[in-house]
1. Please build a GNM for chain B, connecting alpha carbons under 10 Å apart, and tell me which residue among B:Ala233, B:Ala191, B:Ala27 fluctuates the most.
2. Between C:Tyr82 and A:Thr7, how many nm apart are label points set 7 Å from Cα along the C-beta direction?
3. Modelling each spin label as a point 7 Å along the Cα-to-Cβ direction, I'd like the A:Asn14/B:Ala225 distance in nm, to one decimal.
4. Could you identify which residue out of B:Val239, B:Val259, B:Val229 has the top mean-square fluctuation in a GNM of chain B using Cα springs shorter than 10 Å?
5. Separation of the stretch A:421-456 and the stretch A:718-766 by C-alpha centroid, Å?
6. Counting Lys and Arg as +1 and Asp and Glu as -1, what is the net charge of the other residues whose Cβ lies under 9 Å from the Cβ of A:Ser448?
7. Rounded, prolate or oblate for the stretch A:518-649? Axes are the square roots of the Cα gyration tensor eigenvalues, ordered a ≥ b ≥ c, and the cut-off for rounded is a/c under 1.5.
8. How much mean residue ellipticity at 222 nm does the protein assembly as shown get from its helices, if each DSSP H run of length 4 or more adds -39500 (n - 2.57) and you divide by all residues, to the nearest 500 deg cm²/dmol?
Amino acid sequence: MNLRKPTGGAIDRNTLLRFTFNGRALTGHPGDTLASALLANGVHEVGSSVKLGRPRGIVAAGSEDPTSLVQIEAPFPEPMLLATTVELYDGLEARGLAGQGRLASLPDPARYDAKHEHCDVLVVGAGPAGLVAALTAARSGARVVLVDEQNQAGGALLGVEEYLDDRPSAEWVADIVAELRSTPGVLVLERTTAFGMYQDGFVLALQKRTDHLGFAAPASVARQRVWRIRTKQTVLATGAHERPVVFADNDRPGIMLASAARTFLHRYGVLPGSRAVVFTTNDSAYCAAIDLAESGVDVPLIVDARPEAPARLATECAARGIEVRAGHVVTGTEGAGRVTDAHVAPLGDIKGRGVAGHPDTVVCDTVLVSGGWNPVVNLFSQARGKLRYDAVLGSFVQGEELSSVRVAGSATGELDLTSCVRQGREAGEAAAIATGFTPGGQVPLPVSDSRCTQRSGLVLWRVPGAEDASFVDLQRDSTVADVLRATGAGLRSLEHIKRYTTIGTAHDQGKTSGMIAAGIVAEALGVELADQRPTTFRPPYTSVSFAALAGRDRGELHDPVRVTAIHPWHVAHGALFEDVGQWKRPWYYPRPGEDLHAAVLRECRATRESVGLMDGSTLGKIDVQGSDAGKFLDMLYTNMMSTLKVGRIRYGVMCGVDGMVIDDGTVIRVGEERYLVTTTTGNAAKILDWMEEWLQTEWPHLDVHCTSVTEHWATIPLVGPKSRDVLAAVAPGLNVSNEAFEFMTWRDTVVAGIPARVCRISFSGELAYEINVTAWHGLAVWEALMAAGEQYGITPYGTETMHVLRAEKGYPIIGQETDATVTPQDLGMSWAVSKKKPDFIGKRSFARAENNRTDRKQLVGLLPVDPTVLLPEGSQIVETDRLPEPPVRMLGHVTSSYPSAALGRTFALALVRSGHERIGETLYVPVDDSLVPVTVTDSVLYDKEGARRDG
Amino acid sequence: MTSSVQPPGAHLPEHPDFLWENPEPKASYDVVVVGGGGHGLATAYYLAKVHGITNVAVLEKGWLAGGNMARNTTIIRSNYLWDESSGIYEHSLKLWEGLEEDLGYPILFDQRGVLNLAHSLQDVRDSVRRVNANRLNGIDAEWVDPAGVKEICPIVNVSQDVRYPVLGATYQPRAGIAKHDYVAWGYARAAHAMGVDLIQNCEVTGMETSGGRITAVETSRGRIAAGKVALCAAGHSSVLAKMVGLRLPLASHPLQALVSELLEPVHPTVVMSNAVHVYVSQAHKGELVMGAGIDSYNGYGQRGSFHIIEQQMSAALELFPIFARAHLLRTWAGIVDVSPDASPIVGLTPVGGLYLNCGWGTGGFKATPGVGDCFAHTIAHDKPHAFNEPFTLERFTTGALVDEHGAAAVAH
Amino acid sequence: MQLIPCPWCGPREEAEFHYGGQAHVAYPEDPSALTDEEWAQYVFFRENPSGPFAERWSHSAGCRRWFNAVRDTRTHDLLAVYRVGEPMPELGEKDQVAS
């Protein structure tokens, strides 16, 4: 069946597009949507309903359509699009859905992006009101953005064939668009839906840039773009959606909104069927009836629920052989895949108490319905504008003025074109003035030849009849019976009824059904709609793909990758990496055939026996300067920093105000008024923020300035008994002797020809130096150290070996041995907690009851009785060698566990209740199905006397 | 899952024909529960059922279960780290397992398991620690490697060649989801049937005390005398407690969530990731339900900022590349009351007869039956139940926190 | 996403800022003189009003300065911003900050 008219509509009949729907090969034309092409081919039944499996067709012509859900299969699978919003392209493959879509199994190859835009006036909707609002604001010199979800401007004018000022309305539209496009500072975006309206003029809009190109979409162009628009003033010219009237069996394909049929006719040159009954409560459907009749559709009957038909329009209908039955309603339909008959009867009582008389049956293949218009107030409501019920329109409308959001056109409930345009002009002027511009060059109001200007209709939500077949939400299969069950169950709130019936929760979010549901509820409860709170309009206005929202922040760009200056060397030498915060740190450097343990044992052994080095550049480094720097650090650290002598280094611990350890590191005193603080890799930014917070908000009187210098320095710990020899070889100007260069001191010198600061600190217990050079020279110095150490078998090591070496010495790692419940005392670091200082952050919390319990969890070492057994990190510790029934009392957990080359056995660190008192005790660690006996020891297991520190 | 003959929505249960009446408030009740969300309704239910206290009113300022109960992502699990937390959450999970029968209401409780993903070596250590603690506490838990993750949820991207690869996950098979509205309505219906008055559109505007004891609440529908008053007001707890001069260590934050359109089943479990900040399940009808972190600032507006949603989407696509062309259908926000240690405050207050249940942050839904039971016990006996005994207000003074912030488990 | 008017930089996107909770909670002069209860009040207890709230923000991705703001927590509208050390600006009757 071909229902395409030979002429008319904005389609290109000279070009044929081939597409497949439900396996059928069909054709359409450029300018078509999938829906219009299907209708042109006589296809009304698109899919089936989610719950009852009833056939579903096309109800509306735009994004408010509740039923025409399709799955795109090619070019790339995309679920749950409306046939009415899919622009047709050659090769499109789609199928109708039963309420659920299917995700592709392959990754989406398309690109997505986002763009920020700032403007004075944003106009949403390029219908007559929006166009004039935009042009008015643009002529004032304001920066204007005009967005519209359609592929061309015109709005409701696209769906009618009307003349403005005696010429086709399309010409009037084209002139305005042309002027807008040629005005500097104006951006017109088609295929762009404003879907979210947030605080301070922040509006999100989705632009579909290449969807309509199908297979021809260039891979290099982002398929969809999220516009993040920051506007001073917004004009919402979002139009109105026609709503249906609910009646029995109102869900059959072939039953559509009158305005939709008119749009398909005028915009796409498609007839909705061959014989149409029109059912209306207002004037606007008469135009659809007349237009269709003039296009060759047999329109036997207009059923008007109002007691009297509008005289002038009725006369026009009579002239075209259309019978008008006032005071009548459609009470039901027949048909299988498509409507075949409509039942018509007088509406005895317009309040909807019952239908008088026996229905007449009228044969038809199309029923066009109009129950009035719902202004699109979604964005206004998202902007937190209050809504009010308008009893004349039977819908919610703008209920208050907002200072930066104006509503114009049929979005206000106004249906007369000239009035809509006037509102657009006024809104454009007001928006321009509000942003400091002076309107100039007033846009004249056009004169329309539209027949349908009368706005008052009858508010009728439903026709009494078979309630369980009277569908309120066609997509959710929710009926009048469901609504009445909900109110009968005791529910009063629309939100409850929405949830009970699921009305308004489907893909269309109740655009055409929500108002009707509210009306039926109010009738059922005998309350005034004006007293009912409408359910909230939530973003997004129409659905938005996840990928569009993720934009470019995927893969590598999901989160920045930070690498050190020496990173390329690590990569070239086969390092495996560990993510620490955003940093990539070498984890270990396996040689062929080595696993983690083998590599780490080798790296540890080489370091303890000769020399190793690692890339420590990721450690946070904060330069703290000012005459009060010492005083400031005394408050931040648990120990005293102000007494540190220039040239010396001290280890320090920081706590939160709750007394729990938050970070640790070394502090070196660079000068009288200058310290360099190091932090853990992951906490660098947090600690800088922490310092700034205290400085700025509590102690602004202190003369202290902090800045991050983490990335300025490449930091290379050179570790092991041969480290002194290696350093001496590359730093000939430095006296490396123990006497001249003591532990916990630093020297500025030259290393491998590069100015360097060398710190004698050790995180392994070995003789060690930390060499700091500007990051620019980091790789060169690293390579020089490798060369100088070659004769000693110098071995690069990663974080895992670093962890083992420090664990053998009982040094905790913040975040591994601690979890925000651990104090310095728990870590056995009372020595690092000043007794002299009157106060420091966290000190007061140490005096709380919980901190003084003797059974706190404390850091200890654990030695498995069987020295070959490696305890899994994260294992729990129990007291007995048999497990009682759960819940089992746990004493603590294993924080770190390694095989140790130096100890010739496995060992672990653990937090254990009363740990310090338990040294020497045997405890048990459940591992799989067994209990592993372990001996509790001091946390320092290697070189307790510190003999190796000085080489 | 969906049968091939039935349409995808057909298997959902029907609601009962009657839920509850809408009475006028009486002048006086033995117990007034403030807040008609999940916790308030469950508390009233257990007061009536377990303790025989039926002269009870639940006062709700809006519509029943219209706050966080209507806004959460319905994840139910008990795999918390600390003994105190796992105690009350496991108690809750056990009640969930019999709740449908108990309430005589189809709550769609579906034990499809939860995966908590680990993305760093420290995540792995923390996860293993939690699994071991869970097991010793009698909670089902296992550690699964990336291949195991893939087996449980084939759509998770376990490639090691991504920004934050999945290094494994904890898995709690008994965890799952339920239909939040149905849970609330099940409690409401059952409580109503036992004589509890459910009073909607009734906002508490003040409280009366006498001799250090609560005597009545002032409401938008008049004064209501009360023997005892139990606060179950989540994000609004601070405002209510202040009416009797009680300060709470809470901050109310927006928490956003979202759903997609209905999709064929692709996601058989629940996946949570702390490191990339997202949690996802697929609800019974087929929509993907997702949540993320809280918005940073205090807020009572039930509205968050959109960049949080965008970040959540990029995180979701890292884990689930096939979601690229799923569509965001609806977003919303609740108000969560976050305590300093991310654990709740449930128990007595310095005001006689006034009881406090708050601070659940993002974890309140899963606790509904458990805390309802324990809180009812606390109210009935004027003494905490063993499971809520650790969750006192005094712990912030003594320092005996239950710090689930520091614990690896995503605290929601 | 809100615009937050940094008193140093002017209005900037919310994503540039870090939130710092209640303003004007001074570190105690002498914590050791406080009872455990008083100390706990300082460490953990903050106002949490539904309405105007004096709070701290840091322009962490901008000038990195902390400042104070009065924001209505119901609407998220910023009623005032002021620099550290400056007194809270006079607000209208309805915008009084609860304390």
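Quick note: the coordinates plus some simple rules give every number you see, no bench work behind them. The structure displayed is predicted, hence computed values, not measured ones. Using ideal geometry, Cβ is built from the backbone for each residue, glycine included, and neighbour counts are taken over all protein chains shown.
1. Largest GNM mean-square fluctuation: B:Ala27.
2. In this crude spin-label approximation the distance works out to 7.4 nm.
3. Taking the simple label geometry, A:Asn14 and B:Ala225 are separated by 9.0 nm.
4. B:Val239
5. Each part reduced to its Cα centre gives a spacing of 79 Å.
6. Overall, the nearby charge balance is -4.
7. Oblate is the answer for the stretch A:518-649, as a/c is 1.5 or above yet b/c matches or exceeds a/b.
8. So the calculated ellipticity at 222 nm is -6500 deg cm²/dmol.
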